[in-house]
Structure formats: C-alpha cells, structure tokens
Amino acid sequence: MMAYAATAGGVNVAVPAAPGVLALQRALVWLVGASGAVVFIEPSPYEIMTLLAAVTFFATGLRLRLALMPLVLMLVLLNVGYTISAIPLFERSEVVSWIATSWYMAVTVVFFAMVTSEDTAARLDMLRRGLVVGAMIASLLAVAGYFHLVPGGDDLLTLYGRARGTFKDPNVLGAFLILPALFALQSVVSDKLAKAFRNVIAFGIMSLAILLAFSRAAWGGLVLTSAFMLALMVLTSRTNAQRSRIIIMAIVAAVLGLALIAVLLSFDSTAEMFKQRASFDQSYDEGRFGRFGRHILGAEMALDLPFGIGPLQFHRFFPEDTHNSYLNAFMSGGWLSGVCYPALVFTTVIMGFRHIFVPVPWQRAYLAVFSAFVGTVGESFVIDTDHWRHFWMMLGAMWGMIAAAQIYKIRAGEDASSA
C-alpha cells in the first residue's frame, strides 16, 4: 500500500505508508553510508549493510523507474562482456571472484538509483550524514595510525609509511574521503556559524587524512573537485550575499589549508614523503612499460582482441596492472565492455551537466555528488577505479537524482498550470 508525503516545493513523492517503514529505510541509508568507510575486512560491513538494506527496501517497497532502464541495460552489457571474456579462466578462483564482484557492483548501482529516485532529499541527507560519520572514523584512525597514536596500529592503519585507516589501500582511502569532505565544505561556506564551525573541523581532519595518504590523485582530486563544486555553488546561488559568502569562505579555507600543509612539512619524515610522492618523476610512470607507456601499448593490443584477455590478466603481458579503468574495460571484457564502460560513465557526466541548474530541493547534495563523481571519472584515466564501491554508489545516486529531477520538473509544471 502506498501513500504520498509532501516534499519541498509542494511536489509529492510516493513513500511507504506503514508506520515506521520510512524511518527504517532512511536509517538503513545512513548505515550504508557510514559502513562504506570500513572495507579492510571481507566481507566488509558495507557489503553486509547494502545487502540488508536492499532486502528491506525490496520488501517494503521500491520501484524501478523507466528512466533507469538505460542504466540497467548498459550495466548488463558491461558485465556480459566481462563474463564472456572470463569463460576460459573460470578455473581460477580470483577471476570468478572478480566477475562476481563486478555483477555485485552493478546490482548496487541499480539499488542506489532506485533508492534515491524516491524520497530523494531525505534519503540523500541520510546518506550524506552516514558518509561523513564513516569518513570521520576512517580519517581519525588514519591520522592516529600515521602519528603512532594507536599502540600496535602501525601495520593495520598505515601502509609503506602512508595512512590508510580502515582501508586496504591509501589511494582508496584518499579517494573515498573526497565526497564527505565536499559535503563538509558545503556546510562551511553555506550554513550558520555553529554548524559551519563543526564542519571546519571535520573538513580539516578529512583533508589531513587525505594528505597523509600521500595519494597524488587524491590530493589533486580534493583541490579540483572542491574548486569545481564551489564554482557550481556560486553559479546556482540565488542571491549575491550567498555568492559573496561562498567566495570569501573558500578563500579562508584555502589559506587554512596552506597553513596546515606548512605545519606538516615542518616534520622531516612527512616532508620527505611529501617530496617523494609529489614528484612527477616516478620510475613506474616512465618508459615504454611505465604507466603511460602501458596505456598506449594496451590500447593497440585491445584493437586486435575483440574478446579481450580476461580479467586480471594484464600483468601477464606487462610489468603492472593497467592503471586506467577505460583500458581495463577493453582488456577485461573485450570490445563490448570497452564500449559500454565509457558510454555508461560519460552518459552520466553529460546528463549530470544538463541537470546542474534544475532547482530541486536536493540541489546542494547533487552538486557535491556530481563534483566528486566527475573527479573520479577523471581519476579513472590514471588508476583502476572499476571496483571502488563508492564510485558505483555515486553513479547510482546520480541516476536516481536525475530521474527524480525529471519527475520534479513535470510535477512542478503541473502545479504551476493548475494554480
């Protein structure tokens, strides 16, 4: 049985009428967001919570909108390509696990799209809150591990002198923290003093953890996505006062960030690691078989292999993995996956740009998610992001928000015409 609850702007969205169901659904969205920061064990709490949330949502009411069917089609074709290419390798357990994970990620995309296409503003807010809490836990543990504040925690919380917190890889920690950091930054430049001050602290801690992860991609990602999001916020602000505050607070945040970096560089060990990681002169990036050389050679190889070489096989031909998600799609799933993966990603980006100026109640959250998503799309050219859980979560949320925005515009037009 379905009822209708009013949302901002006088637009009605279908929500479950049973007592407590709506609160339960929102709480599960929060838990999924918070658990996304703990992935150093298998199965991870994120996977358990996502499964629990999916079962609960399907049992209590969840709709697959027509607008999401292109998403489903592209995900199915992408994974069919992976599966076909993996058939000769099914005797290898790691390949079977990789295929299963890819299909699982596809299911989570559809789930997040369906979830965020209804009760959108409230569910996005709960997801935001959960992500920030999880990010703060991961960040605090990462910082504590780096500065040896947790007895015996060095092996668990750091890797090769880099903070990793509750993640297996410092690079993934840094990438995950970008979206929660953007949420915190939005509060800093937009909310009242008390809430803004709390988020200054949160943004500072997350930025510190990103810095101590010593991931060049995460450093650049935080700076570029922050600038992109703030620019979009200025462009979509409705008053000059809002625009002025965003610009002023952004300048203050940048100055404080530079001060934080200066303090950290006063520590010799941190300065040495920073100098090493910040250098563009890395041995694994250069030469014929370096990161970028492999991209060229792999692309030439992909053109001759309609079915690819199968998942996890690139290192058999080259010294390291692809470190390029678009090339990896071609190599792991042949031409079918190689075409579908960028089609899926860049279709989402194009639709995302088209909906920037739609004045939906969840526009603020939309700008943060879109900015972080675009950053990850760019990062995918230099690193393998195709099994990053938060990437697929953002992809699903993008489609859900876009579907909800289309419905919002239609209903807003109907309300205006009947007024």
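Taken together, the values in this text are just the output of simple stated rules run on the coordinates, not laboratory data. Remember, it's a predicted structure, so these values are computed and weren't measured experimentally. Here Cβ is always computed from backbone atoms with ideal geometry, including for glycine, and neighbour counts include all displayed protein chains.
Give me the orientation-averaged projected area of the Cα convex hull of the chain, in nm², one decimal.
22.3
Which residues' amide hydrogens lie under 5 Å from the amide hydrogen of Gly308, considering only partners 5 or more residues apart or on another chain, with H built in the peptide plane?
When sequence neighbours closer than 5 places are left aside, the close amide H contacts are Gly334, Trp335.
Is it possible to state the helix-based mean residue ellipticity at 222 nm for the chain, with each DSSP H run of 4+ residues giving -39500 (n - 2.57), the sum divided by total residues, to the nearest 500 deg cm²/dmol? What is it?
-24000 deg cm²/dmol
Which residue fluctuates most in the GNM of the chain (Cα springs below 10 Å): Leu297, Leu157, Leu78?
Greatest mean-square fluctuation among the candidates belongs to Leu297.
Using Cα pairs closer than 8 Å and at least 6 residues apart in sequence, work out the relative contact order for region 290-361, in percent.
Averaging sequence separation for qualifying contacts and normalising by length gives 29 percent for region 290-361.
Taking the alpha carbon gyration tensor of region 166-233, what are the square roots of 5 times its eigenvalues, largest first, to the nearest whole Å? It would help to have the intermediate numbers written out before the result.
Values: eigenvalues 94, 38, 12 Å².
After scaling each eigenvalue by five and taking roots: 22, 14, 8 Å.
Fully extended, how many nm does the chain gain between Val72 and Gln276 (0.36 nm per residue separation, minus their Cα-Cα distance)?
69.2 nm
When every alpha-carbon pair in region 205-361 is counted, what percent end up more than 25 Å apart?
Taking all Cα-Cα pairs of region 205-361, the fraction more than 25 Å apart is 55 percent.
Rg(Cα) of region 175-277 divided by 2.2 N^0.38 Å?
1.12
Using modelled backbone amide H atoms (1.01 Å from N, in-plane), which distant-in-sequence or interchain residues come within less than 5 Å of Leu159's amide H?
Arg164
Rounded to whole Hz and in sequence order, give me ³J(HN,Hα) for region 367-381 from the Karplus expression 6.51 cos²θ - 1.76 cosθ + 1.60, θ = phi - 60°, writing x for Gly and Pro.
In residue order, the calculated couplings are 5, 5, 5, 4, 4, 5, 5, 4, x, 5, 4, x, 5, 5, 6 Hz.
Enumerate the amide H contacts of His387 below 5 Å, restricted to partners 5 or more residues apart or on another chain; note that Pro and chain-start residues carry no placed amide H.
Long-range HN contacts for His387: none found.
What length, rounded to one decimal in nm, is gained on full extension from Val234 through to Phe346, with 0.36 nm per residue of separation minus their alpha-carbon distance? Can you show the working numbers first?
On the way: separation 112, 0.36 × 112 = 40.32 nm, distance 2.44 nm.
Value of the extension gain: 37.9 nm.
What residues of region 230-271 lie in the reach of a label at Ile356, counting those whose backbone N is under 14 Å from a point 7 Å from the Cα along Cα→Cβ?
230-237
In percent, how large is the relative contact order of the chain, given Cα pairs closer than 8 Å and 6 or more residues apart? Write down the numbers at each step before the final one.
Working: 595 pairs, mean separation 91.8, N = 419.
Contact order relative to length: 22 percent.
Using a Förster radius of 45 Å, what is the FRET efficiency between Ile84 and Leu224 based on their Cβ-Cβ separation? Nearest 0.05, please. Walk me through the intermediate numbers first.
On the way: r = 36 Å, r/R0 = 0.81.
Between Ile84 and Leu224 the formula returns 0.80.
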